[in-house]
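See structure below.
The values are calculated or read from the model by the stated rules, or taken from the named source; none is laboratory data. Source: prediction; values computed, not measured. Don't worry about glycine lacking a Cβ; one is built from the backbone with ideal geometry, like all the others, and counts go over all protein chains shown. To get the accessible areas, we keep the full protein, side chains included, count just its heavy atoms, and leave off ligands, DNA and RNA. Shrake-Rupley method; radii C 1.70, N 1.55, O 1.52, S 1.80 Å.
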Amino acid sequence: MRIAVMGAGSIGTIVGAYLSAHGLDVELITRNQAHVDALNQFGARITGAIQWTVPVRALTPEHMLGTYDLVLLLTKQLQNREVLTHLLGYLGPHSIVCSLQNGIPEAEVAAIVGPQRVIGGSIEFGATGTKPGVSCLTTSLEHLRQYAFQIGELNGQMTDRIYVVASILAHVGGTHISQNLVGTKWSKLWLNATFGGLSAALGATFGEVIDDEVVIRSAVFLSHETLKVGHACGVQFAPLFGFDVGSCEIHQMNDVITYRDMFRRVISPGRAVKSSILQDLEKNRPTEIAYINGVVTRLGQEQGIPTPFNNLVVKLVRQAEKTHSLPSFDYLPYFDDLLADASF
């Protein structure tokens, strides 16, 4: 099987390294020429939770040739039309495009490459690109081995091909098949909007988010807003890391303390994770905020559900994009003010 990792950034480099190490025919594709050159010259160098160097084959999109049987789609949603239109020339009638992007992009992906080609999934580990050719695994190795991916067919069916793709991704880490793909994608959205959103809005790692009392309480309310909007849209949230995400709506004030402590335990294996939005801000690139917290605010407005914490995250990230600045804990008073007036 010929495999393309489309969007071989920090996560894609790790995925490509593991698949290459297991002898699979895989190409790491990225527009970053310096990254391509370093990968080809020195191999994929993985740091953080593991120290490892793996020879890989990397190229830019204009050097793609032939037909891929499986494409692991890891590019930003901002680039979807351009990337997917280009990709069409390298897909056969039975090619599979596995969308592992943040947010809920499957409908757009299917509209361009054809729904019969698309399966969806979520990535449940973190990484940070430190320099060309080098990716830091910011989630514990134990977590990666147990929870790396959830994937599923758009219609929830258990097909031969979903087992094949699961067996390939299992070379990277724990891969689980979901019969509730919408719930799976929303649970990942919950993680990105809650902890990724605060990481981006405050310039923090996940560890710094869960360690600060004001920030972790804000996370509980960000979580509540995301769950409330999802439930109003008919979403049945899927378990994430074996954790029942959908049960964490706030019903009484004691729940804030309960979920605060619960979130600290659940997120602890990813203390070193830094959200992809923050990584984009650090590199002065446009972010996917519209596809993460922006989804919650937009759907919240449609459902008549207030989302003040998500609104604030979007505002702070947009401000950072506009001013080409980096957020910091100097913004903490904004969240403190919201907590003073928080209701559920």
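Structural remarks
- Gyration tensor (alpha-carbon) shape descriptor, the range 297-344, a/c threshold 1.5: oblate
- Ranked by the mean number of other Cβ atoms within 10 Å of their residues, highest first, the peptides 302-315, 185-198 come out as 185-198, 302-315.
- Once Rg and the Kirkwood radius are both taken over the C-alpha atoms of the range 2-179, their ratio Rg/Rh works out to 0.93.
- Shown are I210, I257, whose ranking by accessible area with a 1.4 Å probe and every protein chain present, most to least, is I257, I210.
- Prolate/oblate/rounded call for the range 112-232, Cα gyration tensor, a/c under 1.5 rounded: oblate
- Across the cross-link table entries K131/K185; K228/K274; K228/K283, which are compared at the Cα atoms, the separations over 27 Å belong to K131/K185; K228/K283.
- Screening the chain for DSSP H helices whose Cα atoms reach 24 Å or more along their own axis and whose mean Kyte hydropathy is at least -0.5 gives 213-232.
- Relative pair counts by distance (%), Cα atoms of the range 184-340, 10 Å bins: 12, 45, 37, 7, 0
- Antiparallel DSSP beta bridges within the chain, percent to nearest 5: 35 percent
- Gyration tensor (Cα) of the range 190-244, equivalent ellipsoid semi-axes in angstrom: 22, 12, 9
- Dipole magnitude (debye, nearest 20) for the chain, charges at Cβ of Lys, Arg, Asp, Glu: 580 debye
- Estimated at 0.36 nm per residue, the fully extended path between M1 and V164 surpasses their Cα-Cα distance by 57.7 nm.
- In a fully extended conformation the segment linking R260 and R145 would gain 38.8 nm over its present Cα-Cα distance, using 0.36 nm per residue.
- Once the Kirkwood radius over Cα pairs is known for the chain, the Stokes-Einstein relation at 37 °C and 0.692 mPa s delivers a diffusion coefficient of 162 µm²/s.
- Counting only protein heavy atoms and a probe of 1.4 Å, the accessible surface of the chain is 52% carbon and sulfur.
- Based on DSSP H segments of at least four residues, each scored -39500 (n - 2.57), the chain has a per-residue ellipticity at 222 nm of -13500 deg cm²/dmol.
- Total formal charge among the other residues, if their Cβ is under 15 angstrom from that of D341, Lys/Arg +1 and Asp/Glu -1: -2
- Length added when fully stretched, I112-I305, from 0.36 nm per residue minus Cα-Cα: 66.3 nm
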